[in-house]
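The structure appears below as C-alpha cells.
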Amino acid sequence: MVDFKKSKMNGFSYKEWNDYFSRNDKQKLKIDFSQEENLSETVKKRIFPSIREFQRGEGSDGGYLMKTVECFAVRHKVPEYKGAMRWFVREENQHSTYLKTYMDFHHIQAKESPFLDRVFRKLRHLGGIRCEVTVLVTAEMIALTYYDALSKNTDSAVLKSICAQMLHDEIPHVMFQSYTLSHFKNNLPDKWIRIILMEATLLFVWGAFHNVYRAGGYDFGTFLKENMGYLHQSMELADRKPVMPG
C-alpha cells in the first residue's frame with residue numbers, strides 16, 4: 001500500500017499543484033504495440049469488461065465540475081485551483097485514451113454508458129464541489145488497487161505500461177483531491193458518508209470484477225483492507241489545515 005503521508009506533495013498549494021500537473025503533462029506515455037501479441041479468449045473475457053468500465057469512467061468533459069470549481073476558487077480566493085483542475089481533467093481524459101487505444105488494438109468496442117459511471121456521475125451532481133471531489137477521490141482510490149491487479153493479469157507489456165502510468169498519476173490525484181477536502185469541516189457524519197460511499201462502491205466493484213482482482217493476487221480481505229486503508233489516509237490528509245494563499 002502506498003503511504004501518501006510521506007509525500008512532499010502533501011504540502012502543495014494550488015499553485016504548486018498547477019505546476020505539477022503542467023510538468024506531468026509533458027510525460028505522456030508512448031504506447032508501442034510492436035511486440036504485442038493476441039490475448040487468449042479467456043483473458044479477454046476476464047479483463048475487458050472492467051477495462052471498458054474504467055475507460056468510460058476516466059473520460060469526462062468536466063463541464064459541471066468546472067462550474068463548481070469556479071465557485072470554490074472565488075469563495076476561497078484560490079484562482080490557481082481552476083488551472084489545476086483543468087490539468088487534472090486533461091490527465092483523466094488521457095487515461096481514457098490510453099485504455100481506448102489498447103481496446104482498439106484488440107478490437108474491443110467502448111461501452112457507451114456503463115452502470116458504475118452513470119451512478120458516479122449522478123452522485124457527483126447531487127451537490128457542489130465537495131460532493132464532486134468526494135466521489136472523484138473514491139474512484140481514484142479504488143483505481144489504485146484495480147490497476148495494480150490488472151497489471152498482473154497478463155504478460156502484455158503494453159497493458160503493464162498503461163497500468164504503471166495510471167498508478168503514477170492516480171497517487172497524486174488522491175492527494176490533490178484530499179487537499180481540496182481539507183478546505184471543509186470534516187466532522188464525524190462527513191467521514192461516515194465517505195466510509196459508506198467507499199464500502200458500497202467496493203461491494204459493487206468486487207461483485208462485478210472479482211475475477212480480475214483474484215487473478216491479480218487479491219482476495220476480498222486484501223481488496224477491502226487496501227482500499228479502506230487508502231480512504232483513512234485520505235481522511236487524515238483532509239483533516240490537515242490547507243496551505244493559505246499568498
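The values are calculated or read from the model by the stated rules, or taken from the named source; none is laboratory data. These numbers come from a predicted model, not from an experiment. So basically every Cβ, Gly included, is an ideal-geometry build from the backbone, and we count neighbours across all protein chains shown. What goes into the accessible areas is simple: the full protein's heavy atoms, side chains included, and nothing from ligands, DNA or RNA. Shrake-Rupley method; radii C 1.70, N 1.55, O 1.52, S 1.80 Å.
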**Message:** Within segment 23-32, does at least one residue satisfy the condition of being in contact (Cβ under 8 Å) with a residue 12 or more places away in the chain, over 24 Å from N153 (Cβ atoms) and either assigned to a helix (DSSP H, G or I) or open to solvent by less than 50 Å² (accessible area, probe 1.4 Å) (or both)?
**Reply:** yes
**Request:** Show the residue pairs that are 6+ apart or on different chains and have beta-carbon atoms under 7 Å apart, the first residue being within segment 231-242 and more than 14 Å from F176 (Cβ to Cβ), the second being of a type in the set (D, E, K, R).
**Result:** L231/R194; M235/K191; M235/R194; E236/K5
**Request:** Scan segment 161-183 and report the pairs whose first residue is among the aliphatic types (A, V, I, L, M) and whose second residue is assigned to a loop (DSSP other than H, G, I, E, B) and at pLDDT below 95, with Cβ atoms within less than 6 Å and a gap of 6+ or a chain change.
**Result:** I171/V2
**Fill in**
Scanning segment 45-67 residue by residue, those more than 19 Å from the chain's Cα centre (by Cα) and modelled with pLDDT of 90 or more turn out to be K45, R46
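Matching residues to (1) under 19 Å from D3 (Cα atoms); (2) at pLDDT below 95:
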| position | (1), (2) |
| --- | --- |
| V133 | no, yes |
| L150 | no, no |
| K160 | no, no |
| I171 | yes, yes |
| N186 | no, yes |
| P189 | no, yes |
| F209 | no, no |
| Y230 | yes, no |
**Request:** Would you mind stating whether G217 is open to solvent by less than 40 Å² (accessible area, probe 1.4 Å), assigned to a loop (DSSP other than H, G, I, E, B) and either at pLDDT 95 or above or under 24 Å from F72 (Cα atoms) (or both)?
**Result:** no
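Taking the stated definitions as given, is K15 open to solvent by 100 Å² or more (accessible area, probe 1.4 Å) and either touching a His at 6+ places or on another chain (Cβ under 9 Å) or part of a loop (DSSP other than H, G, I, E, B) (or both)? Lay out the reasoning, then the answer.
On the way: open to solvent by 100 Å² or more (accessible area, probe 1.4 Å): yes; either touching a His at 6+ places or on another chain (Cβ under 9 Å) or part of a loop (DSSP other than H, G, I, E, B) (or both): no.
When the stated conditions are applied, K15 does not pass them.
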**Request:** Within segment 169-194, track down each residue that is farther than 25 Å from N18 by Cβ and either open to solvent by less than 20 Å² (accessible area, probe 1.4 Å) or of a type outside the set (D, E, K, R) (or both).
**Result:** N187, L188, P189, W192, I193, R194
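Quick check on G83: is it open to solvent by less than 50 Å² (accessible area, probe 1.4 Å), within 19 Å of E170 (Cβ to Cβ) and of a type in the set (G, A, S)?
Numbers: open to solvent by less than 50 Å² (accessible area, probe 1.4 Å): yes; within 19 Å of E170 (Cβ to Cβ): no; of a type in the set (G, A, S): yes.
So G83 does not fit the description; no.
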**Message:** Quick test for you: out of A200, A208, pick the one residue that is surrounded by 14 or more Cβ atoms within 10 Å (Cβ to Cβ) and either touching a strand residue (DSSP E or B) at 6+ places or on another chain (Cβ under 6 Å) or among the hydrophobic types (A, V, I, L, M, F, W, C) (or both).
**Reply:** A208
**In segment 52-74, the residues that are closer than 26 Å to M103 by Cβ and surrounded by 15 or more Cβ atoms within 10 Å (Cβ to Cβ)** = R52, E53, F54, Q55, R56, G57, E58, G59, S60, G62, L65
**Item:** First in segment 82-94 and within 19 Å of L181 (Cβ to Cβ) and among the aromatic types (F, W, Y), second anywhere and open to solvent by less than 50 Å² (accessible area, probe 1.4 Å) and not in a helix (DSSP H, G or I), Cβ under 9 Å, 6 or more apart
**Value:** W87/D25; F88/G62
**Complete:** Only unsatisfied item for Y147, checking (1) open to solvent by 20 Å² or more (accessible area, probe 1.4 Å); (2) free of Cβ contacts under 8 Å to residues at least 40 places away in the same chain, is (1)
**Request:** Give just the number: which of (1) under 15 Å from the mean Cα position of the chain (by Cα); (2) over 15 Å from I142 (Cβ atoms) does D169 not satisfy?
**Result:** (2)
**Meets criteria (in a helix (DSSP H, G or I), at pLDDT below 90 and either open to solvent by less than 10 Å² (accessible area, probe 1.4 Å) or closer than 24 Å to L237 by Cα (or both)) for M141** = no
